1. Which one of Gly357, Gly417, Gly394, Gly369 is in contact with an Asp or Glu (Cβ under 7 Å, 6 or more places away or on another chain) and either touching a residue at least 40 places away in the same chain (Cβ under 8 Å) or surrounded by fewer than 22 Cβ atoms within 10 Å (Cβ to Cβ) (or both)?
2. Among the residues of segment 574-583, is there at least one that is at pLDDT 90 or above and either part of a strand (DSSP E or B) or not assigned by TED's automatic domain parsing to the domain that holds Ala380 (or both)?
3. Would segment 545-556 turn up any residue that is surrounded by fewer than 16 Cβ atoms within 10 Å (Cβ to Cβ) and at pLDDT 85 or above?
4. Leu492 is checked against (1) touching a strand residue (DSSP E or B) at 6+ places or on another chain (Cβ under 7 Å); (2) of a type in the set (A, V, I, L, M); (3) in a loop (DSSP other than H, G, I, E, B) and fails just one. What number does that condition carry?
5. So which residues in segment 85-136 are polar (S, T, N, Q), under 15 Å from Ile317 (Cα atoms) and either touching a strand residue (DSSP E or B) at 6+ places or on another chain (Cβ under 6 Å) or assigned to a loop (DSSP other than H, G, I, E, B) (or both), if there are any at all?
6. Would a scan of segment 520-530 turn up a residue that is touching a strand residue (DSSP E or B) at 6+ places or on another chain (Cβ under 9 Å) and assigned by TED's automatic domain parsing to the domain that holds Asp463?
7. What number of residues within segment 420-433 are of a type outside the set (Lys, Arg), in a loop (DSSP other than H, G, I, E, B) and surrounded by 15 or more Cβ atoms within 10 Å (Cβ to Cβ)?
8. So the check is Cβ under 9 Å with 6+ separation or different chains; which pairs have a first residue in segment 575-587 that's in contact (Cβ under 8 Å) with a residue 12 or more places away in the chain and within 17 Å of Leu554 (Cβ to Cβ) and a second one that's of a type in the set (Phe, Trp, Tyr) and surrounded by 12 or more Cβ atoms within 10 Å (Cβ to Cβ)?
Amino acid sequence: MSNGDTRAWNVIGRLIRNQPRRYSVSLIAWTTIWTMPIAIGFIAAAFFDSLTDETVGYNVATVLAALWGWAAARIAIVFFVMRWHSALLFRTDAAVKRNMLGWLYTLPGANPVEETPGEVVSRFRDDVEHTVDAYDFTVDLAGSTVSALISIVVLALIDPVITFVVFVPMAAIVLVVSRSTATRVRHYRKAAREATEGITGFLGETLGSVQSVKVAGAEASMLHHFDELNDVRRQMMVRDRTFTAGLEALFRNTVSIGTGLILILAAASLGTTGGARLTVGEFAMFVFLLDMVTESAYFVGIFLARVKQAGVSIDRIVALMRGSTWRDLAAPTDIDEQVPEPVVAVPAAVAGSPLLGVRALSYRYQTSGMGIEDVSFDIARGEFVVLTGRIGSGKTTLLRAILGLVDAPSGAVAWKGSTVADRAAFMVPPRAAYTPQVPRLFSMTLRENLLLGVEAGDGELADAIATATMEYDVDQMQDGLETMVGPRGVRLSGGQVQRSAAARMLVRRPELLVFDDLSSALDVETEAALWEGLFQRHDGTTALVVSHRRPALLRADQVIVLEGGRIVDRGTATDLLERSAVFRDLWA
């Protein structure tokens, strides 16, 4: 058994244990559905025997009554099972996806995944579906196995020789075929999934870059590449589905083989008198229950194929969840429970210490080698600090390292004099809040985008909007705060998106405000009004800001100049204009 198969079995077993009561009910109900047809075999046997033995007491009327009663009971059970089992599968699917998303939220916020959005969607959708599909097959496998075992016992009591001759070769065929095709099943499924992911990844990137494609006049080239990706996917999907369908046909045709063997072996023994080994009713029982046994053999073969395909999907999901194992994917999760807020230990403040202290902080991107090196500075409460420098000097990287959005390997960050152990968990509201250079809004109302689950009164929300200079914009919107902003806020201008993100940060009332070039989409007057409103409305505001604009630089209590990832100077704008050539170039 390969490692992928082992992980698939482990995940399926854990998912079963996560919902023992719901799964047990579903398992019992499906087993009942699978075993109920055995009663039809007994009814048919009794009816055919009654044609030659009048003492049996069966006639057409009693047979029809029995069949109608059986049908009514089975319909009722099937109706219950489908409702119950569908809810079970939905919960399992949702729990797996929640575990995936929850793990991704624990990764560094600046680069949580290496895959494209389309590839991530493919793993959330298709790979989770294939994993849950294998889990779903377990109830059919169990029900068909119980049904087959009961049928074999019944048939063995009638004629053990025929039972052995018919069923042992059929079981051997299923097992041999399953083992011999295991590698190919995994290979074809992996190739098909990667080809599909290539399509979704391409679409995700292309739809987010339509303007770039049109400006470059690359429409024809992009369409040609899309055709090539589709052609590869077509080939891989045809191979995968054809091979799977071939296996299913092979397993299904064991029914025909078994029926032929029954007819050949039982023909000489069929009768009602003398040395006959089978009555007409027993022969009917053999033919009917044969289908129950061979159906189980079919499900064993298909289930083994599904497990191998699920193993491919689980490997892909775990690769997306960097640093995780199959246990994290299948961890117990109750989708009915409210996710608790993480509890973060807040160390005691050290008297006389700055609000934020950065000590010898360093981080380099592996791909480019750029980043920051040995950066140290303090921010006192109520201080307005501006980071400035040329493009690529490390300003954004420094903010990300302070906030734990990248995992800086060396250096430390202190809060009120105490070192922060887990910056990603600690440097969040109500301690710190961050507005990135390119903020993201969601396809919800403006109000929902500003709150994102935070409980705030109308007064607090209105104050945040006013401070972010968004009052006029909201008043001009037809639906005000209930305006749908569209995916990524496409219905708002760039400046409105940035100021909305600022308002979202302000409504959380953090002790430290962190802005990464908030003014990039604002005119000078709007930026000046924003800083003025911020310090007028919120006395004692502490802010760490990346900016190259004069309104921010002139207001700053401390300007920190970065060059090549290092601090090359610091002071007020007036002082730096006198002594720093780098700063004078930026100012000019």
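1. Gly357
2. The answer is no; no qualifying residue exists.
3. The first filter runs over segment 545-556 and keeps only residues surrounded by fewer than 16 Cβ atoms within 10 Å (Cβ to Cβ), leaving 550, 554.
Narrowing the set further to residues that are at pLDDT 85 or above leaves 550, 554.
The answer is yes; a qualifying residue exists.
4. (1)
5. Residues of segment 85-136 polar (S, T, N, Q): 86, 92, 99, 106, 111, 116, 122, 131.
The next check asks that each one be under 15 Å from Ile317 (Cα atoms); those that pass are 99, 116, 122, 131.
Listed by number, the list holds a single entry, Thr116.
6. Taking segment 520-530 and keeping what is touching a strand residue (DSSP E or B) at 6+ places or on another chain (Cβ under 9 Å), we get none.
Looking for residues that are touching a strand residue (DSSP E or B) at 6+ places or on another chain (Cβ under 9 Å) and assigned by TED's automatic domain parsing to the domain that holds Asp463, one finds none in segment 520-530, hence no.
7. Step one: of segment 420-433, the residues of a type outside the set (Lys, Arg) are 420-422, 424-430, 432-433.
Remaining after also requiring in a loop (DSSP other than H, G, I, E, B): 420-422, 427-430.
From the residues that got through so far, the ones that are surrounded by 15 or more Cβ atoms within 10 Å (Cβ to Cβ) too are 420, 427-429.
Qualifying residue count for the region: 4.
8. Pairs found: Leu576/Phe583; Leu576/Trp587.
The values are calculated or read from the model by the stated rules, or taken from the named source; none is laboratory data. Everything quoted here is computed from the prediction, not taken from an experiment. All Cβ positions, glycine included, derive from the backbone under ideal geometry; neighbour counts span all protein chains shown.
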